[in-house]
Amino acid sequence: MSKKNVRNLALDVLIDIEKKRAYSNLSLHHVIETNELSAQDVALLTEIVYGTIQRRDTLDYYLQPFVKGKIEPWVRLLLRMSLYQMVFLDRIPDRAVLFEAVEIAKRRGHRGIASLVNGVLRSIQRQGLRSFDEIKDDIERLAVATSHPLWLVRRWVAQFGLEETKRMCEANNLPPEQTARVNAMRVTVEEAIARLKEEGIEAVPSSVVPVGIKMVKGNAAKTSVFQEGLLTIQDESSMLVAYALSPTETDVVLDCCAAPGGKTTHMAERMNNKGRVVALDIHDHKVKLIEQQAKRLGLSNIEAKQLDSRQAHTQFAAETFDRILVDAPCSGLGVIRRKPEIKYAKNEKDIAQLADIQRNILRAVAPLVKRGGTLVYSTCTVDREENEQVIATFLDEHPQYELDETLASRLPSSVAPYVRHGMLQLLPHHVYSDGFFIATLKKKGEMI
């Protein structure tokens, strides 16, 4: 398939995301699955889509002096994706980008639109890009230069400082990498990498997690290694949760917000398919995803149930579980590399509402932990209102719980230095994984 068609498909995906609020990963996956694309075309399509979304505000800043008056949304998207290629993809000649942009404009619109697109892009070629130095405020300049909403950058600067926020924003614009967790019950990291190599996938051991591997080339989800249950696609940060919880073969474990089952199955594997893991999710179709994952991996110690975890007390008696995981619904501001549209879709009201849900889930399941047991709270966000503040409120309300100061000893050495007082906050640039938070709490008293 020609690159011309790839760019058409990229524009289709961008329109779908902007117009229908579709998730970038799902929309992209649908287009890839329904079109016969080579690996090279898939790579270009993915890069154009993610890059254009990631750099949206930066691209609009560059375009602003050259676009006069109102233009149709799809034309703006075409200009953005074309300028993204000209500015950020060195291997693609400008003439090729310009030619394809004009051809797409002709097919989707008319000669007038094609002329506008050609004029804007050629003017930028001649005159160059405007400087960020025109923006005098440091925070606003950082927001535009890294294409993050101003309210979010202000919030992060208040929480982490300007330099840390700058590193985080820059890391969010890096291409996402595929990582996977090997099923240590059945295969070693070295064996999994060798098997993947046989199928044309180049992978290396993770530098973050002992059971992790990182794909250098190819998609591991398309391999027999994946289908046979020898590995699970999962970010390295998410793998850390099972280390924090550290379940044993005799434990009864509750995973409160379990779908699609990555953390559930990791815990079950670490328990050597013994003990019992009860996995809850509010949606029936997501419960089926957990069951499918467990079957693929050959795990029989997982029991998946459709249940709102805030109602768990209606199904389980107090002090039923040795360990409970609350991987709470969150703003997802730690996974911007994988879902770049998140940074434009969320607002401060969303964060406050989610923090309320998070507190309610913790309150609901706290009585279900045995005395001496462990409660782990995790999110894939970096915002303190959803992380440290949720834990502070919980501890104020539940004096029978305390932070587990031994958390660092259970985590891989790569992330242990980021643990503070029983809590781990990974920012995207720390080990170049997803931004992630883990707090480990112990229920006081002797285990019964």
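The values are calculated or read from the model by the stated rules, or taken from the named source; none is laboratory data. Please read these numbers as outputs of a predicted model, since none were measured by experiment. Neighbour counts are summed over all protein chains in view; Cβ atoms, including those assigned to glycine, are modelled from backbone coordinates with ideal geometry. Side chains are part of the model used for accessible areas, which takes the heavy atoms of the whole protein and leaves out ligands, DNA and RNA. Shrake-Rupley method; radii C 1.70, N 1.55, O 1.52, S 1.80 Å.
Taking interchain pairs and intrachain pairs at least six residues apart, which have beta carbon atoms under 6 angstrom, with the first residue in region 26-40 and over 16 Å from LYS339 (Cβ atoms) and the second open to solvent by 100 Å² or more (accessible area, probe 1.4 Å) and in a loop (DSSP other than H, G, I, E, B)?
LEU37/MET1
Residues in region 32-56 that are surrounded by fewer than 20 Cβ atoms within 10 Å (Cβ to Cβ) and touching a helix residue (DSSP H, G or I) at 6+ places or on another chain (Cβ under 6 Å): how many?
3
Could you please give the count of residues in region 268-291 that are within 15 Å of GLN315 (Cβ to Cβ) and among the acidic types (Asp, Glu)?
Within region 268-291, residues that are within 15 Å of GLN315 (Cβ to Cβ) and among the acidic types (Asp, Glu) number 1.
Scan region 263-273 and give yes if some residue there is open to solvent by less than 20 Å² (accessible area, probe 1.4 Å) and more than 30 Å from GLY200 (Cα to Cα), otherwise no.
yes
Considering only region 330-347, state which residues are of a type outside the set (A, V, I, L, M, F, W, C) and part of a loop (DSSP other than H, G, I, E, B).
SER331, GLY332, GLY334, ARG337, ARG338, LYS339, PRO340, GLU341, LYS346, ASN347 - these are the residues of region 330-347 that are of a type outside the set (A, V, I, L, M, F, W, C) and part of a loop (DSSP other than H, G, I, E, B).
Show the residue pairs meeting these rules: Cβ distance below 7 Å; 6+ apart or different chains; first residue within region 198-209 and more than 14 Å from LEU231 (Cβ to Cβ); second residue part of a loop (DSSP other than H, G, I, E, B) and among the hydroxyl-bearing types (Ser, Thr, Tyr).
SER207/SER414; VAL208/SER414; VAL208/SER433
Considering only region 159-182, I want to know if a residue exists there that is under 30 Å from ASN273 (Cβ atoms), in a loop (DSSP other than H, G, I, E, B) and of a type outside the set (A, V, I, L, M, F, W, C).
Keep residues of region 159-182 that are under 30 Å from ASN273 (Cβ atoms), which gives 177-182.
Right, trim to in a loop (DSSP other than H, G, I, E, B) and you get 177-178.
Filter again for of a type outside the set (A, V, I, L, M, F, W, C), leaving 177-178.
Scanning region 159-182, I find at least one residue that is under 30 Å from ASN273 (Cβ atoms), in a loop (DSSP other than H, G, I, E, B) and of a type outside the set (A, V, I, L, M, F, W, C), so the answer is yes.
Could you check region 313-347 and list, in sequence order, the residues that are in contact with a strand residue (DSSP E or B) (Cβ under 7 Å, 6 or more places away or on another chain) and surrounded by 19 or more Cβ atoms within 10 Å (Cβ to Cβ)?
Hits for region 313-347 are PHE321, ASP322, ARG323, ILE324, LEU325, VAL326, ASP327, ALA328, CYS330, GLY334.
Among the residues of region 59-83, which ones are open to solvent by 10 Å² or more (accessible area, probe 1.4 Å) and of a type in the set (Ser, Thr, Tyr)?
Correct list: TYR61, TYR62.
Rundown of residues vs (1) of a type in the set (D, E, K, R); (2) closer than 20 Å to GLY128 by Cβ; (3) modelled with pLDDT under 95; (4) in contact with a Ser or Thr (Cβ under 9 Å, 6 or more places away or on another chain), yes/no style:
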| site | (1), (2), (3), (4) |
| --- | --- |
| HIS30 | no, no, yes, no |
| ASN35 | no, no, yes, no |
| GLN40 | no, no, yes, no |
| TYR50 | no, no, yes, yes |
| ILE71 | no, no, yes, no |
| LEU79 | no, yes, no, no |
| TYR84 | no, yes, no, yes |
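I'm trying to understand the selection: among the residues of region 252-262, which are out of contact with any Ser or Thr (no Cβ under 7 Å at 6 or more places or on another chain) and open to solvent by less than 10 Å² (accessible area, probe 1.4 Å)?
Answer for region 252-262, where residues must be out of contact with any Ser or Thr (no Cβ under 7 Å at 6 or more places or on another chain) and open to solvent by less than 10 Å² (accessible area, probe 1.4 Å): VAL253, LEU254, GLY261.
Test of understanding: among LEU174, LEU152, which residue is open to solvent by 40 Å² or more (accessible area, probe 1.4 Å) and under 21 Å from the mean Cα position of the chain (by Cα)?
LEU174
The conditions are (1) modelled with pLDDT of 95 or more; (2) assigned to a helix (DSSP H, G or I), and LEU129 fails exactly one of them. Which is it?
(2)
Being of a type in the set (Val, Ile, Thr) and not in a strand (DSSP E or B) is the requirement here; does VAL326 meet it?
Spelling it out, it is not the case that VAL326 is of a type in the set (Val, Ile, Thr) and not in a strand (DSSP E or B).
If the Cβ limit is 8 Å and pairs must be 6+ apart or interchain, which residue in region 84-102 that is touching a residue at least 12 places away in the same chain (Cβ under 8 Å) and open to solvent by 30 Å² or more (accessible area, probe 1.4 Å) pairs with which residue that is part of a helix (DSSP H, G or I) and small (Gly, Ala, Ser)?
PHE88/GLY51
Somewhere in region 298-313, is a residue more than 30 Å from HIS430 (Cα to Cα) and among the hydroxyl-bearing types (Ser, Thr, Tyr)? Write out each step before concluding.
Step one: filter region 298-313 for residues more than 30 Å from HIS430 (Cα to Cα), giving 298-313.
Okay, now just the ones that are also among the hydroxyl-bearing types (Ser, Thr, Tyr), so 300, 309.
Within region 298-313 (the criterion being more than 30 Å from HIS430 (Cα to Cα) and among the hydroxyl-bearing types (Ser, Thr, Tyr)), the answer is yes, since at least one residue qualifies.
Within region 4-27, which residues are β-branched (Val, Ile, Thr) and farther than 13 Å from SER82 by Cα?
First, pick out the residues of region 4-27 that are β-branched (Val, Ile, Thr): 6, 13, 15, 17.
Once the filter is applied, which keeps residues that are β-branched (Val, Ile, Thr) and farther than 13 Å from SER82 by Cα, region 4-27 yields VAL13, ILE15, ILE17.
Under 8 Å between Cβ atoms, which residue pairs at least 6 apart in sequence (or on different chains) link something in region 290-311 that is free of Cβ contacts under 8 Å to residues at least 40 places away in the same chain and within 15 Å of ASP255 (Cβ to Cβ) with a partner that is surrounded by fewer than 22 Cβ atoms within 10 Å (Cβ to Cβ) and polar (S, T, N, Q)?
If the second residue must be surrounded by fewer than 22 Cβ atoms within 10 Å (Cβ to Cβ) and polar (S, T, N, Q), the pairs left are ALA294/SER300; LEU299/ASN273; ASN301/ASN273; LYS305/GLN315; LEU307/GLN315.
Just checking, which of SER237, SER246 is touching a strand residue (DSSP E or B) at 6+ places or on another chain (Cβ under 6 Å), open to solvent by less than 40 Å² (accessible area, probe 1.4 Å) and hydroxyl-bearing (Ser, Thr, Tyr)?
Just a single option satisfies the conditions, and that option is SER237.
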